[in-house]
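Below is one structure, written out as structure tokens; the observations come after it.
The values are calculated or read from the model by the stated rules, or taken from the named source; none is laboratory data. Since we're looking at a predicted model, the values are computed, not measured. With ligands, DNA and RNA removed, areas are computed over all heavy atoms of the protein, side chains included. Shrake-Rupley method; radii C 1.70, N 1.55, O 1.52, S 1.80 Å.
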Amino acid sequence: MTEPKRFTLRMDGDLFDQIKKQAEKNKRSVAKEIEHLLEQHLKESEKESD
């Protein structure tokens, strides 16, 4: 695994609240939930490209 990168992300407040609720359900931080969702999306995109 490569070194973690930091960056600022601005998003709609309602979207943030949805992600925060999902993160709490999954016992993750908001940052880890966003990372998880991005990984899932990219895996699905790769499957569709095959």
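Brief remarks on what is shown
- In the chain, the longest principal axis of the Cα atoms and the axis of helix 13-25 are about 80 degrees apart.
- Across the chain the C-alpha pair distances fall into 10 Å bins from zero in the proportions 22, 45, 30, 3 percent.
- With Cα atoms, 0 to 90° folded angle of helix 30-49 axis to the chain main axis: 30 degrees
- Portion, in percent, of the accessible area of the chain that falls on carbon or sulfur, probe 1.4 Å: 51 percent
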